[in-house]
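Here the structure comes first, spelled out in structure tokens, and everything after it is commentary.
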Amino acid sequence: MNQSSLMQPSTHNRKVNTVTSTPPVPAVLVLADGRSFRGYSLGKVGSTLGEAVFTTGMTGYQETMTDPSYHRQIVVATAPQIGNTGWNDEDDESRDRGIWVAGLVIRDLSARVSNWRASRGLNEEMERQGIVGIRGVDTRTVVRHLRDKGSVAAGIFSGPEAACPVEELVRLVQKQDAMEGADLSAQVSTEEPYVVEPDGEHRYTVVAFDMGIKTNTPRNFAARGVRTVVVPSTATWADIEQYRPDGVFVSNGPGDPATADAMVAVVREVLGKKIPFFGICFGNQILGRALGMETYKMKFGHRGINVPVLNVVTGKIDITSQNHGFALKGRAGEVFDTDFGPAKVTHVCLNDDVVEGVALESGLAYSVQYHPEAAAGPHDASPLFDQFIDLMAEHASAKHAGEQK
């Protein structure tokens, strides 16, 4: 939840319960490597398949579950109790659809909702949206297993299906498509362009490629006087040039960046035309590929709101929100030649030295692997939006000066 929702005094005399007196329904989490963990049904009774990943965030489960980047993933929460702040109608990160996660694994479901904006409980919302989950699991053991073995294909089975032999369920889990090589952006992207108008005076127009964009990104642009034209992941340069963008943005999103050749080609056109560029998460991997870097699938990825990142240019450390299972190959501070001038690896994760940012040394294009638009915090990296505004201002001023000559 957004921090403000936790700090406000209650203005409603309502009680939203998340646990009923209905007898618990058995459920089981099954991993492709044969491990299984028994518990009780959470949300819809049934089955679901996905890649098992874990998130270390202590808050923000609603934002996590509605983030399109979690498409086809079963999320294991490391926080021991989930559901205490319920579910509201304001904090979804998906514009057109609610929950994107394939499933949810938790230890304890809060017996009572305690938040002044909550209109219903987590279990109720998962049932309403048809999301299968499991509670009562020793999530510490699950997370340790995933840290040792890496993210793995998984399934949650509840009700009658939970009574099936584990070997049979393992075979079902193993049959699902792998995340490596998965092209998922078109499955989560908008089908038609739409516009988010600025708050107050219009300063700039940014075309944002929706690879799985979160609602808080256009909101951050709007607060800075930017009109955001959100376009499908399949849009071409010919599609977007009609908007005469002052800048181009590529969002976060699910899937393997190695499959995004068309998006890489568009970004190369943008760079060739010297239009300011900013990318987040999937957008960081796209910019890296456009500059000639390679990507790879991480063992278990970064997911949480407490990941330390070093800016190797300034020496500043930010605590960041992250959600990615793929990354760019590179080294901290590495400078390399590209078709658009020299570029540099600008940010690295202090936990494992994973590349967290890249930029052209000209300053015309930059990206980060983490989320400066993070809702549920932290907000250390939010000045990256201001950096983009400054970049567009400098570019517009230089362009105007050139036209005057």
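Kindly give the semi-axes, whole Å and largest first, of the ellipsoid equivalent to region 106-182, taking each as the square root of 5 times a Cα gyration tensor eigenvalue.
Taking √(5λ) for each eigenvalue gives 27, 16, 14 Å, largest first.
Over region 185-399, average the accessible area per residue using a 1.4 Å probe and give it in Å², no decimals.
So region 185-399 comes to 38 Å² accessible per residue, rounded to a whole number.
Which translational diffusion coefficient, to the nearest whole µm²/s, is obtained for region 324-405 from the Stokes-Einstein equation, given a Kirkwood hydrodynamic radius over C-alpha pairs, 10 °C and 1.306 mPa s?
The estimated diffusion coefficient comes to 109 µm²/s.
Could you state, as a whole-number percent, how many of the C-alpha pairs of region 154-311 are farther apart than 18 Å?
Value for region 154-311 (Cα pairs over 18 Å): 64 percent.
With a sphere of radius 11 Å drawn around the Cβ of PRO193, what net charge do the other residues whose Cβ falls strictly inside it have (Lys, Arg +1; Asp, Glu -1)?
Neighbour charge sum, excluding PRO193 itself: -4.
Express the carbon and sulfur contribution to the solvent-accessible surface of region 306-405 as a percent, rounded to the nearest whole number, probe 1.4 angstrom.
51
For region 26-175, what is one quarter of the convex hull surface built on the Cα atoms, given in nm²?
Spelled out: convex hull of the Cα atoms, projected over all directions, averaged, 8.0 nm².
Please grab the % of Cα pairs in region 185-399 that end up more than 24 Å from each other.
Numbers: 8075 of 23005 pairs.
Cα-Cα pairs of region 185-399 separated by over 24 Å account for 35 percent.
In the neighborhood of LYS297, defined by Cβ-to-Cβ distances under 13 Å, what is the net charge if each Lys or Arg adds +1 and each Asp or Glu adds -1?
Summing Lys and Arg as +1 and Asp and Glu as -1 gives -2.
Run the numbers for ALA238 and TYR296: contour at 0.36 nm per residue of separation, minus the present Cα-Cα distance, in nm. Don't skip to the answer; put the middle values down first.
Working: separation 58, 0.36 × 58 = 20.88 nm, distance 3.02 nm.
The span from ALA238 to TYR296 would gain 17.9 nm if fully extended.
Using a Cα distance threshold of under 17 Å, what count of lysine pairs results for the chain when pairs must be 8 or more residues apart or interchain?
Pairs that pass both the separation and distance tests number 8.
With all distinct Cα pairs included, what does the Kirkwood hydrodynamic radius of region 212-295 come out to in Å, to one decimal, could you say?
Every distinct Cα pair counted, the radius reaches 13.2 Å.
Return the carbon/sulfur percentage of the accessible area of region 62-182, one whole number, probe 1.4 Å, all protein chains in place.
Its accessible area is 43 percent carbon and sulfur atoms.
Report the extension gain between THR56 and THR141 in nm, rounded to one decimal, defined as 0.36 nm multiplied by the number of residues separating them, less their alpha carbon distance.
29.2 nm
Express the accessible area of region 20-151 per residue in Å², computed with a 1.4 Å probe while the remaining protein chains stay in the model.
Ligands and nucleic acids excluded, the figure is 39 Å² per residue.
Relative to the compact-globule scaling 2.2 N^0.38 Å, provide the ratio for the alpha-carbon radius of gyration of the chain.
1.00
Please identify every one of the GluC sites (Glu not before Pro) in region 236-329 that sits in a loop by DSSP and has no more than 16 other beta carbons within 10 Å of its own beta carbon.
Qualifying residues, ordered by number: GLU294.
Based on Cβ point charges of +1 for Lys and Arg and -1 for Asp and Glu, what charge dipole magnitude is obtained for region 185-399 about its Cα centre, in debye rounded to the nearest 20? Walk me through the intermediate numbers first.
Working: 18 positive and 26 negative charges, 40 e Å.
Magnitude of the dipole: close to 180 debye.
Let me check something: with ligands and nucleic acids excluded, how do MET58, MET126 order by accessible area (1.4 Å probe), largest to smallest?
From most accessible down to least: MET58, MET126.
Measuring from centroid to centroid over Cα atoms, what is the spacing of region 317-378 and region 124-185 in Å?
One Cα centre to the other: 31 Å.
The values are calculated or read from the model by the stated rules, or taken from the named source; none is laboratory data. These numbers come from a predicted model, not from an experiment. We place every Cβ from the backbone using ideal geometry, glycine too, and count neighbours over all the protein chains shown. Side chains included, ligands, DNA and RNA excluded: accessible areas come from the protein's heavy atoms. Shrake-Rupley method; radii C 1.70, N 1.55, O 1.52, S 1.80 Å.
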